[in-house]
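The values are calculated or read from the model by the stated rules, or taken from the named source; none is laboratory data. Fair warning: this is a prediction, and the values are worked out from it, not measured in the lab. Here Cβ is always computed from backbone atoms with ideal geometry, including for glycine, and neighbour counts include all displayed protein chains. Accessible surface is based on the protein model in full, side chains and every heavy atom, while ligands, DNA and RNA are left aside. Shrake-Rupley method; radii C 1.70, N 1.55, O 1.52, S 1.80 Å.
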Amino acid sequence: MARVLLTDIEKAYGDVRVVRRLNLDVADGEFLVLVGASGCGKSTTLRMVAGLEAISAGDLFIGERRVNDVAPRDRDIAMVFQSYALYPHMTVYQNLAFGLTLRGVPAAEIEKRVQEAAKMLGLVEYLQRKPAALSGGQRQRVAMGRAVVRQPSVFLFDEPLSNLDAKLRVQMRLEIARLHKRLGTTILYVTHDQVEAMTLADRIAVMHEGVLQQCAPPQEIYNRPANTYVATFIGSPAMNLLPVVAQPLPDGGARLVGSGLNVTLNSADVARYLPEGPPAGGLPEQLTVGVRPQDWRVVSDSDPQVDALMAVDVTEPLGAETFVFGELELPAGPPGQDLYAGRDGSTRHRRESACILRCEPAVPVSDGQRVALHIDRERLLLFAADGTRLAGPGHP
Amino acid sequence: MSAQAPTSLAPTGLKAWLPHLLMVPVTILTLYPVLYVIKLALSGTAGVTSSAWPWPEQFSLDAFRTVIGHSDAQGGWLFGRQLFNSLVVSAATTVLGISLACAAAYGFARFEFPGRRVGLLAFLATQMFPGILTLIPLYVLIQKLGLLDSMLGLTLVYSTTTIPFCTWTLKGYFDTLPKEIEESALIDGATRLQIFLRIILPLSAPAIAVTALFSFMAAWNEFVLAYTFLSREAAYTLPVMIRNYVGEKDVQWSLFAASSLIASLPVMALFYALQKHLVGGLTAGGVKG
Ligand SMILES: Nc1ncnc2c1ncn2[C@@H]1O[C@H](COP(=O)(O)OP(=O)(O)OP(=O)(O)O)[C@@H](O)[C@H]1O
Ligand SMILES: [Mg+2]
């Protein structure tokens, strides 16, 4: 078992920097999941840790040792590939035993460990088969078994479940969670399945175009995404991001207007987004409001708390919950005070921005209807123009 | 409602017969020369009739007996000696050529090094010239080395001519082997050499079988170089021996035919033995997809 420490790790192919100044500190025994869109450098990062890819700059430590120039076999790691990469000409037993044989582990010990791993992964009856005679799920297990028997101090997984069907994926996910609980080995796990990330991870590291965006426990990532990229990447359906303009109010509060929103924040609310104390003008002018689909509340039209009106296009009742797809609208205001008056002076309802809402099935919403919405102030996120989140509710 | 299910999906009537109508004559045409050689070989030492019918008019194994029993003035068994020469030279060529080609191909397939591209192209270039071109230089070389009339000389020459082709073929195959399998082994603790010996070679059995067969056959059938380098009858390989039955004055067709048949037996045996490996698909199941 070991801590894995990446400090200012860089990977460049020629002029292309595919991983940039990556800093990650994976604690001993931690399950860290690397997520990000395709091509963001997850595999490259993992392969650098494995020693399969040279590190262009920075230091990599496994345990107390700097391993930048240590061969893969001496890093005390085991890796599970997306393609499994089993040895096709060997039986399952030989596949599992190969690494141990190479390391000169005594035969009795090999036998014991292979049998143990086979039992743990349900492979006992397949030990004499070749990989070609196994199903995808079984091959996946062999790949895991091959890593497990080695008893390395770090496991590296590169999208190990992406070739499995949905049901098997759930099953193997549980198995991996169990494995981690049982062995307590440090795990670096790459995936772009966010359910895997959310359920398995102690911490999730979100990468985007080679740059680490945020590394935090799943709930933290979900509730307090560091920026708009993380906000939309994690969570399904994605968080609603609505650009607004902040207008300071005399009492220290602010009004957020735009994209069909008209949200009034009192001074206490505003203060939470500016924990360092308000700069001269209060909130920055250009902001983006972030609301998770379930953080809207449907209220009555006459409610003073109405923050937005939504024209419902489609509802998707899923039984336990209902997804509502529609657009936020600008209602006509009283003449002269119409906040939302279009440039042409029109005051008719105007569709502004797409919006997704998740609600209890009991809430009466139907296609074509118009609903009034309120955003729970405890759940309202604000992002600055550069995409980073302003501190916000619950933040120290 | 129960419809009568068709018992077979095979086409019936003319459609079924048309391919046969075409294939049977073509097969006969292809086999005719072979049959004719068999006829000649079985016709005994009596001489050749001019009949085009490929069926022997008489069955006699005399020709085979003469060829196999061929000895020199001192009573040394020449045929045995020549068969031995052919076997040793071909086997040695195969072993030497394939071991070098495997190592070279793996290097070309997996490592970046200066001269890699040039090396590959140079190998390719040697394949563009007819082998005859190198006859004179090779003769001079072999003579200088004092390896005329020797199996070693012939083996060296044969190996060098087969290595480029074998290297290219094997490199092509190695390129298709998934890199992850090797990376897996690397992490598992294998050295490059162990990976080569314990992963790459077993996985490449089909490709190695094909190239080995190619090398063996090339050496086994080679005539021009052997005819040039070998002058003592005891040093002959089988193709040179066969050629000797077609002298300037008398042409012994039945002996020529019999010796040809005998010479082709080992190659056929080899084909048969290796046919299982000639079919690929050994990597199935290693990686997904
Ligand atoms: N040998 C190479 N030369 C140049 N660029 C490369 C090389 N290998 C990878 N890249 C680039 O590095 C980037 C990161 O690749 P990487 O495989 O790490 O992505 P990933 O996050 O694992 O994506 P995916 O989810 O699709 O597996 C990609 O844009 C890719 O094009
Ligand atoms: Mg990847």
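Things to note:
- Given (1) open to solvent by 40 Å² or more (accessible area, probe 1.4 Å); (2) touching a helix residue (DSSP H, G or I) at 6+ places or on another chain (Cβ under 8 Å); (3) assigned to a loop (DSSP other than H, G, I, E, B); (4) free of Cβ contacts under 8 Å to residues at least 24 places away in the same chain, index of the condition A:Gly104 fails: (2)
- Number of the condition not met by B:Ser254 [criteria: (1) more than 16 Å from the chain's Cα centre (by Cα); (2) within 17 Å of B:Ser90 (Cα to Cα); (3) touching a residue at least 40 places away in the same chain (Cβ under 8 Å)]: (2)
- Near pairs, Cβ below 7 angstrom, 6+ apart or cross-chain, from segment A:367-396 (modelled with pLDDT under 90) to any residue that is basic (Lys, Arg) and part of a helix (DSSP H, G or I): A:Ala391/A:Arg272; A:Gly392/A:Arg272; A:Pro393/A:Arg272; A:Pro393/A:Arg377; A:His395/A:Arg272
- Residue within segment A:179-189 that is open to solvent by less than 10 Å² (accessible area, probe 1.4 Å) and within 16 Å of ligand 1 (Cβ to nearest atom) present: yes
- Top-ranked residue of segment A:61-101 - restricted to ones that are polar (S, T, N, Q) and open to solvent by 10 Å² or more (accessible area, probe 1.4 Å), ranked as nearest to the other protein chains (Cβ to nearest Cβ): A:Ser83
- With respect to being open to solvent by 60 Å² or more (accessible area, probe 1.4 Å), modelled with pLDDT of 90 or more and either within 13 Å of chain B (Cβ to nearest Cβ) or away from ligand 1 (no atom under 16 Å from the Cβ) (or both), A:Leu200 falls outside the description.
- Residue match in segment A:112-121 (condition: away from ligand 1 (no atom under 16 Å from the Cβ), in contact with a Leu (Cβ under 9 Å, 6 or more places away or on another chain) and part of a loop (DSSP other than H, G, I, E, B)): yes
- In segment A:45-57, the residues that are more than 10 Å from chain B (Cβ to nearest Cβ) reach residues that are in a loop (DSSP other than H, G, I, E, B) with C-beta atoms within less than 6 angstrom, at least six apart or across chains, in these pairs: A:Met48/A:Ile55; A:Ile55/A:Asn68.
- You will find that of B:Arg117, B:Arg81, the residue that is touching a helix residue (DSSP H, G or I) at 6+ places or on another chain (Cβ under 6 Å), open to solvent by 40 Å² or more (accessible area, probe 1.4 Å) and charged (D, E, K, R) is B:Arg81 and no other.
- Among the candidates B:Ser259, B:Ser264, B:Ser231, residue that is part of a loop (DSSP other than H, G, I, E, B), farther than 24 Å from B:Met128 by Cα and outside the structural domain of B:Ile38 (by TED's automatic domain parsing): B:Ser231
Residues are listed down the side, and each one gets a yes or a no for (1) within 14 Å of chain A (Cβ to nearest Cβ); (2) modelled with pLDDT under 90:
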site	(1), (2)
B:Leu213	no, yes
B:Val224	no, no
B:Leu255	no, yes
B:Ala263	no, no
B:Met268	no, yes
B:His277	yes, yes
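- Subset of segment A:74-93 (residues that are part of a loop (DSSP other than H, G, I, E, B) and either among the hydrophobic types (A, V, I, L, M, F, W, C) or within 11 Å of ligand 1 (Cβ to nearest atom) (or both)): A:Phe81, A:Gln82, A:Ala85, A:Leu86, A:Met90
- Matching residues in segment B:180-195 - criterion: being outside any helix (DSSP H, G or I) and β-branched (Val, Ile, Thr): B:Thr191
- Extreme residue, nearest to A:Arg75 (Cα to Cα), among residues of segment A:128-163 that are within 16 Å of ligand 2 (Cβ to nearest atom) and at the interface with another protein chain (Cβ under 10 Å from one of its Cβ atoms): A:Leu156
- Among the candidates B:Thr162, B:Thr169, B:Thr176, residue that is buried (at least 21 other Cβ atoms within 10 Å of the Cβ) and of a type in the set (Ser, Thr, Tyr): B:Thr162
- Residue within segment A:38-52 that is within 21 Å of the chain's Cα centre (by Cα), open to solvent by less than 20 Å² (accessible area, probe 1.4 Å), more than 9 Å from ligand 1 (Cβ to nearest atom) and closer than 12 Å to A:Leu156 by Cβ present: yes
- Pairs are defined by a Cβ separation below 6 Å, a sequence spacing of at least 6 or placement on different chains, a first member in segment B:182-204 that is at the interface with another protein chain (Cβ under 7 Å from one of its Cβ atoms), and a second member that is of a type in the set (D, E, K, R); the pairs so defined are B:Gly189/A:Arg73; B:Gly189/A:Arg103.
- Residue check, B:Ser231 open to solvent by 50 Å² or more (accessible area, probe 1.4 Å) and among the small types (Gly, Ala, Ser): yes
- Residue ID - surrounded by the fewest Cβ atoms within 10 Å (Cβ to Cβ), chosen from residues in segment A:204-246 that are more than 19 Å from A:Gly387 (Cα to Cα) and at pLDDT below 90: A:Ser236
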